[in-house]
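Below is one structure, written out as structure tokens; the observations come after it.
Every number here is computed from the coordinates shown, using simple stated rules; none is lab data. What you are looking at is a predicted structure, and each value in this text was computed from that prediction instead of being measured. FYI the Cβ positions are ideal-geometry reconstructions off the backbone, even for glycines, and counts take in every protein chain you see.
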Amino acid sequence: MRLPFLSMFMTSPFDGLQEHAEKVKECAWAFQQAMECHVSHRCKTFEEFRQEVDNLESQADAIKRRIRGHLPKGTMMPMDKFQLFRYLREQDHVLDAMEDVLDWLSYRPEPGIPKELEKDFFLLVDAIVYPVEEMTRMVTEARNYFKNFSENQRSLVKDIIRELRSYEHEADKLEDKIKQKVFNMNIDPVTVFHTIRLAEFIGSIADHAENAGDMMRAMLAR
């Protein structure tokens with residue numbers, strides 16, 4: 001019989017995971033604004049949004065270190081602590097990937113994204129923001145599950161995990177669409193390379209969100 005998770009913890013590690021997930025969600029909003037600024041050529045504020053993402057990444061790193069450094073030795077948990085750490089790593093990779101995208105953009109601010117692809121990139125950015133928001137909700141619901149081990153709550157978390165996979169699949173299709181367009185455009189090779197890699201970097205955000213869902217499913221399975 002499973003014992004209530006929080007009865008064995010003065011502070012649940014899911015408190016820290018929730019705090020970290022909220023920072024990732026904040027970062028996604030700033031990331032979306034930075035991308036809209038860059039794509040629409042309103043780039044006077046791009047560096048401000050990029051700096052905001054950097055600051056949120058630093059705050060999330062501090063939370064990550066606190067989770068890793070303050071997990072009591074010998075504490076009973078309903079999952080292996082390394083599963084918890086692997087989940088945290090994937091959740092953190094979501095934020096790192098957003099930072100990588102903005103860094104990549106900053107390397108070549110001009111000529112930027114070809115105008116013919118602006119709408120496609122807006123759709124791709126929207127497609128990766130949805131799973132980040134759902135990932136935060138997944139942590140909230142998983143936190144509730146590990147308080148009472150309700151099967152209904154467990155099913156709710158698994159439903160969110162399935163949604164993450166669906167979002168990742170949609171992001172993959174949008175990424176492929178951009179690549180196909182790029183290879184059929186009359187643009188210089190540097191722009192081709194820069195644009196293709198940009199689409200891949202953005203798509204990787206949804207990949208890491210899906211991976212986080214897989215790690216969460218592993219924790220639920222024990």
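Observations, loosely collected:
- Candidate membrane-span-like segments in the chain, meaning DSSP H helices with Cα atoms spread over at least 27 Å of their own axis and a Kyte-Doolittle mean of 1.0 or above, do not occur, with no membrane implied either way.
- Ignoring lysines fewer than eight residues from Lys119 along the same chain, the ones with Cα atoms less than 28 angstrom from its Cα are Lys23, Lys25, Lys44, Lys173, Lys177, Lys179, Lys181.
- Cα gyration tensor category, rounded, prolate or oblate, for region 84-153 with a/c compared to 1.5: oblate
- Global form of region 112-222, assessed from the alpha-carbon gyration tensor, a/c cut-off 1.5: prolate
- Share of alpha-carbon pairs per 10 Å distance bin for region 12-221, given as whole %: 9, 34, 31, 17, 7, 1, 0
- Surrounding net charge for Asp126, when Lys and Arg each add one and Asp and Glu each subtract one, Cβ distance under 12 Å: -3
- Computed over the chain: relative contact order in percent, which uses C-alpha pairs under 8 Å that are six or more apart: 30
- Of the GluC sites (Glu not before Pro) found in region 127-159, none is in coil by DSSP with at most 15 other Cβ atoms within 10 Å of its Cβ.
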